[in-house]
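Asks: What follows is a structure written as structure tokens; I'll ask about it next.
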């Protein structure tokens, strides 16, 4: 009996537990504004297409999800949002490339463009726990503006000089048309350069009906949100060891048990060697546990004590036989990473399905082809 208590669980058993841990399994959903904050604490730092966050991710974890809960958390300053991974256009120095990817001598530089799209990857961060955010715009303002249209550069410069501003102030201050400012802000969101007081600011950009001013009666929502737009300051971070340790806690909250393979889809993390040293320090202090908790993976594993007891306690739960289907953009799209199967691209128009922690085939969502095409251009 004692040997079974320390015996590692199978990947399928861990997957079943993980769906409960992240409030996706039936009966585990959270409620209200407090539940919304709990989910965002688990998922902060994980980038998901902007148009998939509410409908395909939050609504699966929060019962009777109401967008006003997310808006309130953003407007009160508890939660922020934005793209934290660098856009290729802002880090690529340009230059034409030859067949093996190196620049050709004397060739004209090839400029990449930031394309505004509703599938731009964004994430949330809980401000009180945001020490894990690591600076990324070390190349300066000139590099940040690379790939932006003239209108987007004007908006960015206005926000740098004037600070947080309402949409109407940006229009008046730049002398540009509303449609140009909309496009410019959308570019800046996709590039990871701006954020806003509320999440409704982003909804107003990615909702084609709102941008077109469509709707009638009480169902008609304002074309522009009342929140202010501001530069996303991701250039100030905590001391390095503190930041890496905060990243470890973020991962522990997300997965309960952290295995290196699980981090394949994470885009805002320090190198694994730094995480490994921080995990070992936490284990030495007795705050987390190290060991072999999930079978079939090489390397060290680290876990919250409560997660270890919980995942092993699920051994006695009977299999339900029910299938659970999720968006491929969901953080629990771990087919080919945690459980066997062919990996499914993390696109909001695709789905993955599990039955008792085992991957099964899932259909493609309607309109997926259009989403795929947009995401390819974004990358």
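Each value in this text was obtained by applying a stated rule to the coordinates, not by laboratory testing. These numbers come from a predicted model, not from an experiment. Please note: Cβ atoms are built from the backbone with ideal geometry, for glycine as well, and neighbour counts cover all protein chains shown.
Asks: With the crude spin-label approximation of a point 7 Å out along Cα→Cβ, what separation in nm comes out for residue 355 versus residue 162?
Replies: Going from the residue 355 label point to the residue 162 one covers 5.8 nm.
Asks: Using a 10 Å cut-off around each Cβ, can you sort 348, 320, 118, 353 from fewest to most neighbouring Cβ atoms? Display every interim value, and only then the final one.
Replies: Values: 348 27, 320 12, 118 20, 353 16.
Arranged by neighbour count, lowest to highest, 348, 320, 118, 353 become 320, 353, 118, 348.
Asks: Please state the relative contact order of region 1-87 as a whole percent: Cα pairs under 8 Å, 6+ residues apart? Could you put the intermediate results ahead of the total?
Replies: Values: 48 pairs, mean separation 26.6, N = 87.
Worked out over region 1-87, it gives 31 percent.
Asks: For residue 54 and residue 85, FRET efficiency with R0 = 22 Å and r from the beta-carbon atoms, rounded to 0.05?
Replies: On the way: r = 20 Å, r/R0 = 0.92.
Rounded to the nearest 0.05, the efficiency is 0.60.
Asks: Right, another one. Could you line up 65, 354 from fewest to most neighbouring Cβ atoms inside 10 Å?
Replies: Details: 65 22, 354 27.
Going from sparsest to densest Cβ surroundings: 65, 354.
Asks: Estimate the FRET efficiency between residue 127 and residue 241 by the formula 1/(1 + (r/R0)^6), using the beta-carbon distance for r and 22 Å for R0, to the nearest 0.05. All intermediate terms of the calculation are to be shown ahead of the outcome.
Replies: Details: r = 21 Å, r/R0 = 0.94.
The computed FRET efficiency comes out at 0.60.
Asks: Under a plain spin-label model, where a point goes 7 Å from the Cα along Cα-to-Cβ, how far apart in nm are residue 309 and residue 272?
Replies: 3.1 nm
Asks: When ranked by the protection proxy of mean other Cβ atoms within 10 Å per residue, highest first, what sequence do the peptides 126-132, 246-252 form? Numbers along the way, then the final one.
Replies: On the way: 126-132: 15.7, 246-252: 21.7.
Ranked by mean Cβ neighbours within 10 Å, highest first: 246-252, 126-132.
Asks: For residue 322 paired with residue 112, estimate the spin-label separation in nm (one decimal), with each label point 7 Å from Cα along the Cα-to-Cβ line.
Replies: 4.3 nm
Asks: Taking the Kirkwood radius as the inverse of the mean 1/r across Cα pairs, report the Rg/Rh of region 1-87.
Replies: On the way: Rg = 16.1 Å, Rh = 14.8 Å.
Radius of gyration over Kirkwood radius for region 1-87 works out to 1.09.
Asks: Sort 342, 38, 245, 157 so the one with the fewest other Cβ atoms within 10 Å of its own Cβ comes first.
Replies: Details: 342 8, 38 17, 245 23, 157 13.
Taking fewest neighbouring Cβ atoms as first place, the list is 342, 157, 38, 245.
Asks: Another question, if that's okay. Could you calculate the FRET efficiency of residue 169 with residue 149 from 1/(1 + (r/R0)^6), where r is the beta carbon distance between them and R0 is 30 Å, rounded to 0.05? Write down the numbers at each step before the final one.
Replies: Working: r = 20 Å, r/R0 = 0.67.
Efficiency, rounded to the nearest 0.05: 0.90.
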